[in-house]
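*Asks:* Attaching a single structure in structure tokens format; questions to follow.
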Amino acid sequence: MKELLTFPKDFWWGSAWSAEQAEGRGDTGKAKTVWEHWFETEPNRFYEGVGSEITTDHFNRYKEDVQWMKKTGQNSFRISISWARMFPNDGVGEVNQKAIAFYRDLLTEMNENGIKPFANLYHFDMPVALQDAGGWESRAVVDAYVHFADTCFKEFGDLVYHWFTFNEPLGPILGGYLEDFHYPNQIDFKRGAQAGFNTILAHALAIKAFKKLNLSSKIGVILNLSPTYPRSQNEYDLEAAEICDAFYTRSFLDPMVKGTFPEKLVEIMREYDQMPEYTEEDLTIIKENTAQILGLNYYEPRRVKARLTAINEKSPFLPDWFFEPHNMPGKRMNIYRGWEIYERGIYDLCIDIRDNYGNIESFISENGMGVANEERFLNEEGQIQDDYRIQFVKDHLAYVHQAIAEGCDIKGYHLWTFIDCWSWINAYKNRYGLVSLDVETGKRTMKKSGEFYKKMSDMNGFEYETSKLVGTKREENN
Ligand code: BG6
């Protein structure tokens, strides 16, 4: 039976993107970021050799883009503030007045058009000079970040609705120190652990600085979280899942939200001599300055099993010494991105936050579907008929609705993304937007999903066949 699923009053309907992926270089002056540097040195690592010089050209088109936010029904939107733009002298020194003017104009335009600005302070885009000085491995870089954050609170505190210290802090550690898809392209767990620890410390120090200013907004963090499902209930698979979860989910979630580190993770890192350096004072700062709000980025679940093969002891220490991915038969895939589609994962995640993280105020801060060659779906009027994206959004949101019905404090849903934007090493291969982008001309065109999003936001919900919701209290009660 179809039911109208209505969301709580003032639900945040919106989307998100980041400075490096959407702004383009602009003319304010800007330090070179790790992405620009890596692109200059190894353009072959980027899809079709396309870098982030122009991207969606939001810098020059932000007024038009705010109108597109309205046309797609968004009442809130997450930007990121570029550290490299704010501090063009390699991320330190004098603040850039032109950058302040740009962000103040953009944030004012959003507010005047009824769009609540969510501002994130770090989305993978470190000034390269700071990375080469040690990046997150260095305490001096942590101090520079806290200065940047504090400057942003002071310059934009009157215009920002909610703040976020980091987007997916695990990403640069995985990519930069374990799996070679981010600069500095190292494979070294211990250095990654130091960078990870210092990121957590930077988050806590930024929150400490924020609290001193008594702003009316909240500050939190955006984490990429996936429930970890074991292949079976066999004790070996269960242990593999527990360890995988400690490395990839609890590693940042626990310290950034609860102020403590997962015991299992610490135990393994001690045993294998992978612990970072820290002081007791650092631990106190982390304990006392935790997130006030949590963004959940959910794309796909993690499925794991006990290892079937021996570890090559000459290979460097990596989390996958303790588990292997489980390629579940029959799983549904987004073949373009190679990610599994499993809607119930978003519900399991919300329940985990409710039960194990004090039901902290949260929202879905990213969820979305990147699809290649969307021109295949153009209709005669030149509009992309992305029914797959509409279905993807509804199927996930129906589970979010159910999680709210079961007491989860979920305040909104932000899609990845708004207008098609540049996707790191995938450049423009997969498109995620509600609005399509002509990369050559910069022209924006509404997709069918953009019209759907507006209607859903106007109705504060949508009609849905609720018998599809399996594995929830609703199913138990039927
Ligand atoms: C999220 C990031 O992990 O996934 C975004 O916060 C990113 O920056 C998005 O673009 C989609 O991933 P990708 O690699 O397809 O762009």
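*Asks:* Only strands (runs of 3 or more DSSP E) wholly contained in region 1-87 count here; list those with 2 or more residues that are at pLDDT 95 or above and out of contact with any Ser or Thr (no Cβ under 6 Å at 6 or more places or on another chain).
*Replies:* Fully inside region 1-87 and qualifying: 2-6, 76-80.
*Asks:* Please go through region 98-128 and pick out each residue that is in contact with a strand residue (DSSP E or B) (Cβ under 8 Å, 6 or more places away or on another chain), open to solvent by 10 Å² or more (accessible area, probe 1.4 Å), part of a loop (DSSP other than H, G, I, E, B) and farther than 30 Å from Phe39 by Cα.
*Replies:* none
Every residue, every condition in (1) modelled with pLDDT under 95; (2) within 16 Å of the ligand (Cβ to nearest atom); (3) assigned to a loop (DSSP other than H, G, I, E, B); (4) open to solvent by less than 10 Å² (accessible area, probe 1.4 Å), yes or no:
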position: Arg337; (1), (2), (3), (4): no, yes, yes, no
position: Gly345; (1), (2), (3), (4): no, yes, no, yes
position: Cys350; (1), (2), (3), (4): no, no, no, yes
position: Arg354; (1), (2), (3), (4): no, no, no, no
position: Ser365; (1), (2), (3), (4): no, yes, no, yes
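*Asks:* Here's something else I'd like to know. Please state which one of Val439, Val371 is under 19 Å from Glu48 (Cβ atoms), of a type in the set (A, V, I, L, M, F, W, C) and open to solvent by 20 Å² or more (accessible area, probe 1.4 Å). I'd like the intermediate steps shown before the answer.
*Replies:* On the way: Val371 fails: open to solvent by 20 Å² or more (accessible area, probe 1.4 Å).
Within the list Val439, Val371, the selection yields Val439.
*Asks:* Answer yes if at least one residue in region 397-405 is free of Cβ contacts under 8 Å to residues at least 40 places away in the same chain, surrounded by fewer than 18 Cβ atoms within 10 Å (Cβ to Cβ), over 25 Å from Cys244 (Cα atoms) and hydrophobic (A, V, I, L, M, F, W, C), and no otherwise.
*Replies:* no
*Asks:* Any chance you could count how many residues in region 103-139 are of a type in the set (Phe, Trp, Tyr), within 16 Å of the ligand (Cβ to nearest atom) and out of contact with any Lys or Arg (no Cβ under 9 Å at 6 or more places or on another chain)?
*Replies:* Total satisfying the criteria: 2.
*Asks:* Something else about it: Against the conditions (1) open to solvent by 10 Å² or more (accessible area, probe 1.4 Å); (2) out of contact with any Pro (no Cβ under 9 Å at 6 or more places or on another chain); (3) at negative phi; (4) more than 15 Å from the ligand (Cβ to nearest atom), where does Lys411 fall short? Just the number, please.
*Replies:* Condition not satisfied by Lys411: (2).
*Asks:* Name the single residue, out of those in region 414-435 being more than 9 Å from the ligand (Cβ to nearest atom) and of a type in the set (Phe, Trp, Tyr), that is least open to solvent (accessible area, probe 1.4 Å).
*Replies:* Phe418
*Asks:* Give me a count of the residues in region 452-478 that are closer than 18 Å to Trp13 by Cα and open to solvent by 20 Å² or more (accessible area, probe 1.4 Å).
*Replies:* 8
*Asks:* Note down all Cβ pairs under 7 Å where the first residue falls in region 281-299 and is within 22 Å of Tyr413 (Cα to Cα), the second is basic (Lys, Arg) and surrounded by fewer than 22 Cβ atoms within 10 Å (Cβ to Cβ), and they're at least six residues apart or on different chains.
*Replies:* Listed by first residue and then by second, the contacts come to Gln292/Lys218; Ile293/Lys218.
The values are calculated or read from the model by the stated rules, or taken from the named source; none is laboratory data. Note that the structure is a prediction, hence the values are computed from the model and not measured. Quick reminder, even Gly has a Cβ in these numbers, built from the backbone with ideal geometry, and neighbours come from all protein chains shown. Protein only, heavy atoms only, side chains kept; ligands, DNA and RNA dropped before computing areas. Shrake-Rupley method; radii C 1.70, N 1.55, O 1.52, S 1.80 Å.
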